[in-house]
Amino acid sequence: MKTIVRVRAPSNIAVIKYMGKSDTSVNLPANSSLSLTLDALCTMTEIEHSPASGFQLEWTGVSEMGGRSLRPLALQEKDRPKMERHFRRVLEHFGAPLAGRWQVRTGNAFPAGAGIASSASGFAALTLAIAAVIGKQQTPRSELAALSRQGSGSSCRSFEGPWVQWDHENAASVEWSLGPLTDLVILIEESEKAVGSSEAHQRVRTSPNWSGRVERAKSRLARIRSSLVEGDWKSFSSTCWDEAMDMHELFHTSEPSFSYWKPQTREVLAWLESIGAHRGDVKIGVTLDAGPNVHLLIPQRDEAFWLDKLEEHFPANAVMVDRQGAGAEVLFRRELPA
Ligand code: DP6
């Protein structure tokens with residue numbers, strides 16, 4: 001028999017950032033983080049497992065799956081050992097043999113030029129797909145998340161939604177009543193990252209601002225958690241801003257320093273400041289990942305209003321629109337004669 005599964009896993013956008021690790025070998029974070037699970041910005045992964053002698057892993061980046069056009073997620077040779085380690089980790093966890101032919105087909109449903117990191121959605125999709133192929137698709141989400149985390153930390157927040165908190169080894173959804181949200185991503189530039197996120201996690205420790213970072217993240221997390229429950233936009237917005245600036249300031253003050261910002265990133269941030277986004281005068285949670293693009297978390301009902309504003313102020317920039325989602329899912333699992 002051979003087994004084929006198809007899964008999709010969304011990306012997530014953190015408002016309290018995972019930056020700095022307490023254990024790099026299994027990606028344990030220096031501080032707890034909190035993110036919004038996205039929906040359409042996702043990775044789709046199919047795995048076909050058939051009997052064969054030994055262990056064979058074949059990886060193909062595909063540009064289409066189930067009628068959806070994708071950007072092929074090619075496996076770079078340098079990432080191959082990491083992927084093979086992840087296969088081994090997941091199979092060993094479930095006591096399944098590292099045997100047979102594994103054909104992985106995968107791609108990202110991110111529009112071209114998005115410059116959105118795919119390690120969160122990519123590892124979440126891969127973890128769920130491996131588990132599903134061996135019949136473990138009913139595994140508790142928390143267990144899958146903990147396995148996925150060991151491949152890439154932020155992927156553990158893509159198994160549930162819409163709001164997920166990651167503390168040490170556990171990632172789970174949390175209470176919220178802020179209303180349905182949209183993430184507007186203002187695309188500034190897609191360039192090869194000067195500093196990869198694994199390197200960033202290490203380098204931030206050299207910043208003088210590292211001292212007190214864990215405590216600052218902790219108190220902001222508490223503030224955002226209560227603003228989510230109480231529906232307090234003012235506190236939500238100002239805390240998102242402070243946290244994003246704190247993380248980027250760590251980059252800007254590391255030794256050696258680095259920055260993901262482009263001149264236009266600063267222009268967009270200056271405009272957001274001019275309308276009071278940093279003080280929570282408008283219902284926008286501003287955040288940036290390890291990249292130049294600016295994310296605006298807004299109420300879904302305000303989408304048209306903010307898209308008009310962005311068109312007026314930044315007509316040359318594409319804006320990607322995604323909404324909150326529920327986390328990774330198995331789309332199908334089929335057993336066929338080999
Ligand atoms: C800036 O999850 O990519 O996006 O665990 O080394 O794979 P590894 O790092 P990764 O770090 C992403 C950090 C961030 C902030 C966040 O998502 O919390």
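Given a Förster radius of 30 Å and the C-beta distance between Asn170 and Leu57 as r, what FRET efficiency does 1/(1 + (r/R0)^6) yield to the nearest 0.05? Taking R0 as 30 Å, the efficiency between Asn170 and Leu57 is 0.50. Taking a point 7 Å from the Cα of Thr206 along the Cα-to-Cβ direction, the residues of the range 1-26 with backbone N closer than 17 Å to it are 20-21. For the range 321-338, 3J(HN,Hα) computed residue by residue from phi via the Karplus equation (6.51, -1.76, 1.60; θ = phi - 60°) reads 10, 9, 10, 5, x, 10, x, 4, 8, 8, 8, 7, 9, 10, 10, 10, x, 5 Hz, glycine and proline entered as x. Solvent-accessible surface (1.4 Å probe) assigned to Asp308 amounts to roughly 110 Å². Placing +1 on each Lys and Arg Cβ and -1 on each Asp and Glu Cβ, with no other charges, gives the chain a dipole about its Cα centre of roughly 880 debye. Taking amide H as placed 1.01 Å from N in the peptide plane, the amide H of Gly280 sits under 5 Å from that of Ser238, each at least 5 places away or on another chain. Near Glu160, the amide H atoms lying under 5 Å from its own belong to Ala328; only residues 5 or more places off or on other chains count, and H is placed 1.01 Å from N. Diffusion coefficient (Stokes-Einstein, Kirkwood radius over C-alpha pairs, 10 °C, 1.306 mPa s) for the range 181-323: 100 µm²/s, rounded to a whole number.
Here the Karplus curve 6.51 cos²θ - 1.76 cosθ + 1.60, taken at θ = phi - 60°, turns the phi angles of the range 173-181 into couplings of 6, 10, 5, 7, 8, 6, x, x, 10 Hz, with x standing for Gly and Pro.
Using a 1.4 Å probe on the protein heavy atoms, what percent of the accessible area of the range 214-337 belongs to carbon and sulfur? On the range 214-337, the fraction of accessible area on carbon and sulfur atoms equals 51 percent.
With a cut-off of 12 Å on the backbone N, the residues of the range 1-20 near the modelled label site 7 Å out from Ser50 along Cα-Cβ are 1-4. Please report how many Lys pairs in the chain have alpha carbons closer than 27 angstrom, counting only residues at least 8 apart along the chain or sitting on separate chains. Total qualifying Lys-Lys pairs in the chain comes to 25. The mean accessible area for residues of the chain, using a 1.4 Å probe and ignoring ligands and nucleic acids, is 41 Å² per residue. If the chain linking Lys218 and Asp281 were pulled fully straight, counting 0.36 nm for each residue of separation and taking away their Cα-Cα distance, it would gain 20.3 nm.
Summary value for the chain: 26 percent relative contact order, contacts being C-alpha pairs under 8 angstrom separated by 6+ residues. Taking the range 166-258, how much of its Cα-Cα pair set, in percent, is spaced more than 19 angstrom apart? When every Cα pair of the range 166-258 is considered, 55 percent fall beyond 19 Å. Counting protein heavy atoms only, the range 46-171 has 46 percent of its accessible area on carbon and sulfur, 1.4 angstrom probe.
The values are calculated or read from the model by the stated rules, or taken from the named source; none is laboratory data. Here the structure is a predicted model, which is why all the values come from computation and not from measurement. Note that we place each Cβ from the backbone using ideal geometry, even for glycine, and neighbour counts take in every protein chain shown. Each accessible area value is taken on the protein alone, full model and side chains, heavy atoms only, with ligands, DNA and RNA left out. Shrake-Rupley method; radii C 1.70, N 1.55, O 1.52, S 1.80 Å.
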